[in-house]
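These notes concern the structure reproduced below.
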Amino acid sequence: MSEEEGKDERGFTVIDRRGTRETREEEAPARPSAGAPPRGAAADRAGARPGAEIPEIDFATFVLSLGTSAFYHLGLAPDPAGEGAPERNLLLARQTIDTIEMLAIKTRGNLDREEAQLLESLLYELRMRFVESSRKTGADA
């Protein structure tokens, strides 16, 4: 018996559905809803506890998440892992502030009043704190 004959021949079929608008429900891959918590290995990787609720993401939550990241890199927010004080990294802080500024520019005219105010006040606060942190770093050197 040759090596080829001893192998279990398992194949797969590729079905090209481009150009078709209908997909049967049983053939469509199941996707979790946007607000559903991750399950199984994804939950373990995400650090989520089974049954924990993950808040629905919206523009304000996304922007505040970026702001928290910038504050962390400025050394002004606690370490999320609880492993001591955060290490200041002004390059990453500047990049995150620039990202928020880019969002403000690209979304101008498409935000409601509260979202626009959130971006404006967050950027102001981050810029002031960045200048303050930059001065401290210059004085430390």
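Things worth noting here:
- Within the option set 134, 121, being among the hydroxyl-bearing types (Ser, Thr, Tyr), assigned by TED's automatic domain parsing to the domain that holds residue 69 and modelled with pLDDT under 95 holds for one residue only, 134.
- Looking across 77, 70, one residue alone is within 13 Å of residue 133 (Cβ to Cβ) and without any contact (Cβ under 8 Å) to a residue 12 or more places away in the chain. It is 77.
- Considering residues of the stretch 66-86 that are under 25 Å from residue 102 (Cα atoms) and of a type outside the set (A, V, I, L, M) only, the residue surrounded by the most Cβ atoms within 10 Å (Cβ to Cβ): 73
- Residue in the stretch 102-126 that is farthest from residue 65 (Cα to Cα), counting only those that are free of Cβ contacts under 8 Å to residues at least 24 places away in the same chain and among the hydrophobic types (A, V, I, L, M, F, W, C): 105
- Pairs, first within 12 Å of residue 137 (Cβ to Cβ) in the stretch 86-101, second among the polar types (S, T, N, Q) and surrounded by 14 or more Cβ atoms within 10 Å (Cβ to Cβ), C-beta under 7 Å, six or more apart: 88/133; 90/133; 90/134
- Any hit, the stretch 11-29, residues being part of a loop (DSSP other than H, G, I, E, B), surrounded by 10 or more Cβ atoms within 10 Å (Cβ to Cβ), more than 15 Å from the chain's Cα centre (by Cα) and modelled with pLDDT under 55: yes
The values are calculated or read from the model by the stated rules, or taken from the named source; none is laboratory data. Please read all numbers here as calculations on a predicted model, not as lab measurements. When we count neighbours, we look across all protein chains shown, and the Cβ atoms used for this are built from the backbone with ideal geometry, even at glycine.
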